[in-house]
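The values are calculated or read from the model by the stated rules, or taken from the named source; none is laboratory data. Nothing here was measured: the structure is a model prediction, and the numbers come from that model. Glycine also receives a Cβ, built like all others from the backbone with ideal geometry; neighbour counts cover every protein chain displayed.
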Amino acid sequence: MSRTRLVAGNWKMNKTPQETEAYIRAFLPRLDLGRGIEILLIPPFPSLERAAASLGSAEVLLGAQDLHYEARGAYTGAVSAEMLRGSGCQFVLVGHSERRHVFGDTDEVVCRKLTAALEGNLHAILCVGETLEQRTAGDTSSVLNRQLESALAERAVSDVGLSIAYEPVWAIGTGETATPDQAQEAVAEIRGWLADAFGPSVAEATRVLYGGSVKPENVKELIEQPDIDGGLVGGSSLDPETFARIVEGAMP
Ligand code: PGA
């Protein structure tokens, strides 16, 4: 399998620029870089530039938690793909469940943001996942299909420069993790959707991550599933020592 594993730490609304610098100073020496894994930090917007400066030439990637779909203009509070690139980002999350559920990003908005990210030369991590209610009602597949379809269906194969994160909403920040079997089943389904939409080679090349209460104790059994290529980690990425243990546990 040629997909390089990716472990991403989504800090959400945590860490000032000063705290970001202290984190990175503690985090880098704990890493065994160059062992076939990519590591991505996703701080809040005001901490991005400090993160980029603190990372220096270390092979740790930098991403943002969201972007706006317009390039510039009268959109108070919003930031564009170009601004993120200028702040040192290579990656951006799109469609995180907190954006969908707390901030009201619709499928249409997610699609527009994804387009803006890819056209702005950012690697997008498209987040999809069902709520507990939807899972209980047996709607997991249809929710995932709808979210993928609405975000990606219009894209041409050649511009699929992205990763997908399967993040069941009921497992985010709850301490409740999907079992490895549940996660594998959903991630395999996502890969099946990619194969149908873009063909087997795109499906085979696209990274699909799992997110939702990933911790040092469960990362190994999740990442050992054949279709899971990494983790999107929230709460457990906030402590540099804990996150470094997750990275270690996810090494091939
Ligand atoms: P969590 O968050 O690890 O705190 O569950 C995951 C995420 O929201 O990406």
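If the Cβ limit is 8 Å and pairs must be 6+ apart or interchain, which residue in the range 171-198 that is modelled with pLDDT under 95 pairs with which residue that is of a type in the set (D, E, K, R) and in a loop (DSSP other than H, G, I, E, B)?
The qualifying pairs are Thr177/Lys215.
Of all residues in the range 88-100, how many are in contact (Cβ under 8 Å) with a residue 60 or more places away in the chain and either within 11 Å of the ligand (Cβ to nearest atom) or among the hydroxyl-bearing types (Ser, Thr, Tyr) (or both)?
4
Just to be sure before I move on: is Gly161 surrounded by fewer than 17 Cβ atoms within 10 Å (Cβ to Cβ), within 11 Å of the ligand (Cβ to nearest atom) and within 17 Å of the chain's Cα centre (by Cα) in the structure I sent?
Numbers: surrounded by fewer than 17 Cβ atoms within 10 Å (Cβ to Cβ): yes; within 11 Å of the ligand (Cβ to nearest atom): no; within 17 Å of the chain's Cα centre (by Cα): yes.
Criteria not met by Gly161.
Yes or no, residue by residue, for (1) crowded, with 17+ Cβ neighbours inside 10 Å; (2) touching a helix residue (DSSP H, G or I) at 6+ places or on another chain (Cβ under 6 Å); (3) small (Gly, Ala, Ser):
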site	(1), (2), (3)
Gly129	yes, yes, yes
Thr136	no, no, no
Arg146	no, no, no
Glu149	no, no, no
Arg155	yes, no, no
Tyr166	yes, yes, no
Glu176	no, no, no
Ala195	no, yes, yes
Glu204	no, no, no
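Restricting attention to the range 226-252, report how many residues are over 15 Å from the mean Cα position of the chain (by Cα), crowded, with 18+ Cβ neighbours inside 10 Å and not hydrophobic (A, V, I, L, M, F, W, C).
3
Can you tell me which residue is surrounded by the most Cβ atoms within 10 Å (Cβ to Cβ) among those in the range 209-225 that are within 14 Å of the ligand (Cβ to nearest atom) and hydrophobic (A, V, I, L, M, F, W, C)? Steps first, please.
Going through the range 209-225, the residues within 14 Å of the ligand (Cβ to nearest atom) turn out to be 209-219, 222.
Keeping just the survivors that are hydrophobic (A, V, I, L, M, F, W, C) gives 209, 214, 219, 222.
Values: Leu209: 27, Val214: 32, Val219: 24, Leu222: 25.
In this case the residue turns out to be Val214.
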